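Below is one structure; the comments refer to it alone.
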Amino acid sequence: MYAKKFVLGFLASFSGLSLISFIVSYFSRSFAQTMPVIGNNPLLFHSLVVAPSEELMFRFFLPLLFMVFFGIDYILGGIVSAVFFGLAHFWAYQQNNAAMLTAVIAGGWQALIVYLFSDREDSFTFKPGLLCAILGHGVYNSLVTLAPELLLPAAIASASAFAGLYLLDVGRENL
Amino acid sequence: MEEIEHPFDAYIFASLGVVIFLFNMLGLLYEGNIRDLMVYVIYAVAQVMSLVFGAFLIQSYNSRGA
């Protein structure tokens, strides 16, 4: 169960982020970007430092804060923190409103991934939804930084893999 | 009110990020690249604070429901 949700969640997170970025950039002529910083290893920086840090802040800490102080559901807290996620990209995206809108939509998508792919039967566990969101974000950031020309083929491949695995799973449950 | 469990899988993965941060921090200090170092520091502090305060918030949420 964990492995199935993990694989489906990761594929949904990565392909969703990539497709959101392409759709918004098609309409607004802004393109996905990551910070032009980087230290000595951009791949490790984006996949193991940036992605976990942003996901833990905006998909874990802030929604929990809203849940505790305002008594709202995770999904509502996640959507509110997606707005903060967009605002946090104000400087990174050079005040480009369309790029910030991409970040808000992507934040909402990631909150949805955490909610849908986490175990919620007895208690809300964040497992494995939060890890899926971290890995999806990490792979997306790494591709945008290192090989943006591979982003669209990789997004289409992972969306197809998601659809195939999901249909197989539904078909097996109906047998 | 449903309870919330700690996401230990994400905690373990995030702790890898802290290790990478410490490893790269030494390299950046050696090169004197303070700008990149500060970006690493901001991300690492945000990550550790989110983990610690998130864990406290889970305890608080669960104890309120008990």
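The values are calculated or read from the model by the stated rules, or taken from the named source; none is laboratory data. Predicted model only: the values in this text are computed from it and were never measured. Please note: Cβ atoms are built from the backbone with ideal geometry, for glycine as well, and neighbour counts cover all protein chains shown. Quick note on the areas: whole protein, heavy atoms, side chains included, nothing else; ligands and nucleic acids left out. Shrake-Rupley method; radii C 1.70, N 1.55, O 1.52, S 1.80 Å.
Of these, A:Ala157, A:Ala111, which one is modelled with pLDDT of 95 or more, open to solvent by less than 10 Å² (accessible area, probe 1.4 Å) and among the hydrophobic types (A, V, I, L, M, F, W, C)?
None of the others qualify; the one that does is A:Ala111.
From the list A:Gly78, A:Gly71, pick out the single residue that is farther than 18 Å from A:Ser21 by Cα, surrounded by 24 or more Cβ atoms within 10 Å (Cβ to Cβ) and not aromatic (Phe, Trp, Tyr). Can you show your working first?
Numbers: A:Gly71 fails: surrounded by 24 or more Cβ atoms within 10 Å (Cβ to Cβ).
After ruling out the rest, the residue left standing is A:Gly78.
Are any residues in segment B:1-60 touching a strand residue (DSSP E or B) at 6+ places or on another chain (Cβ under 9 Å) and open to solvent by less than 40 Å² (accessible area, probe 1.4 Å), and if so, which ones? Please lay out each step first, then the result.
As a first pass, look at segment B:1-60 and keep what is touching a strand residue (DSSP E or B) at 6+ places or on another chain (Cβ under 9 Å): B:2-5, B:57-58.
B:Ile4, B:Leu57, B:Ile58, listed by residue number.
Kindly indicate whether B:Ile42 is part of a helix (DSSP H, G or I) and farther than 22 Å from A:Phe126 by Cβ.
yes
What do you reckon, is A:Ser142 over 27 Å from B:Glu5 (Cβ atoms), of a type in the set (S, T, N, Q) and buried (at least 17 other Cβ atoms within 10 Å of the Cβ)?
Numbers: over 27 Å from B:Glu5 (Cβ atoms): yes; of a type in the set (S, T, N, Q): yes; buried (at least 17 other Cβ atoms within 10 Å of the Cβ): yes.
It is true that A:Ser142 is over 27 Å from B:Glu5 (Cβ atoms), of a type in the set (S, T, N, Q) and buried (at least 17 other Cβ atoms within 10 Å of the Cβ).
Could you please find all residues in segment A:74-93 being more than 15 Å from A:Trp109 (Cα to Cα) and either facing chain B (nearest Cβ under 10 Å) or among the aromatic types (Phe, Trp, Tyr) (or both)? Don't jump to the end; show me each part of the working.
Filtering segment A:74-93 down to residues more than 15 Å from A:Trp109 (Cα to Cα) leaves A:87-93.
Answer for segment A:74-93, where residues must be more than 15 Å from A:Trp109 (Cα to Cα) and either facing chain B (nearest Cβ under 10 Å) or among the aromatic types (Phe, Trp, Tyr) (or both): A:Ala88, A:Phe90, A:Trp91, A:Tyr93.
Within segment A:55-65, identify whether any single residue is modelled with pLDDT of 90 or more, in contact with a strand residue (DSSP E or B) (Cβ under 8 Å, 6 or more places away or on another chain) and open to solvent by less than 10 Å² (accessible area, probe 1.4 Å), and answer yes or no. So that I can check it myself, show each step before the final result.
If we filter segment A:55-65 for residues that are modelled with pLDDT of 90 or more, which is where we start, we get A:55-65.
Filter once more, keeping what is in contact with a strand residue (DSSP E or B) (Cβ under 8 Å, 6 or more places away or on another chain): A:64.
After this cut, where a residue has to be open to solvent by less than 10 Å² (accessible area, probe 1.4 Å) as well, the list is A:64.
Looking for residues that are modelled with pLDDT of 90 or more, in contact with a strand residue (DSSP E or B) (Cβ under 8 Å, 6 or more places away or on another chain) and open to solvent by less than 10 Å² (accessible area, probe 1.4 Å), one finds at least one in segment A:55-65, hence yes.
Residue under question is B:Ile12, and the condition is that it be free of Cβ contacts under 8 Å to residues at least 60 places away in the same chain and over 30 Å from A:Ile72 (Cα atoms); does it hold? Step through it out loud before you land on a result.
Details: free of Cβ contacts under 8 Å to residues at least 60 places away in the same chain: yes; over 30 Å from A:Ile72 (Cα atoms): no.
Criteria not met by B:Ile12.
Which of the residues belonging to segment A:64-89 are under 21 Å from A:Phe126 (Cβ atoms) and assigned to a loop (DSSP other than H, G, I, E, B)?
A:Gly71, A:Ile72, A:Asp73
Sort out which residues of segment B:10-35 are at the interface with chain A (Cβ under 7 Å from one of its Cβ atoms) and closer than 21 Å to A:Leu56 by Cα, and write them in order of number.
B:Ala10, B:Phe13, B:Ala14, B:Leu16, B:Gly17, B:Ile20, B:Phe21, B:Asn24
Determine which member of the set A:Ala106, A:Ala92, A:Ala159 is in a loop (DSSP other than H, G, I, E, B) and either farther than 30 Å from B:Gln59 by Cβ or aliphatic (A, V, I, L, M) (or both). Give the steps one after another, and end with the answer.
Working: A:Ala106 fails: in a loop (DSSP other than H, G, I, E, B); A:Ala159 fails: in a loop (DSSP other than H, G, I, E, B).
One residue alone meets the criteria, A:Ala92.
Within 14 Å of chain B (Cβ to nearest Cβ) and among the hydroxyl-bearing types (Ser, Thr, Tyr), is that true of A:Thr125?
Working: within 14 Å of chain B (Cβ to nearest Cβ): yes; among the hydroxyl-bearing types (Ser, Thr, Tyr): yes.
Criteria met by A:Thr125.
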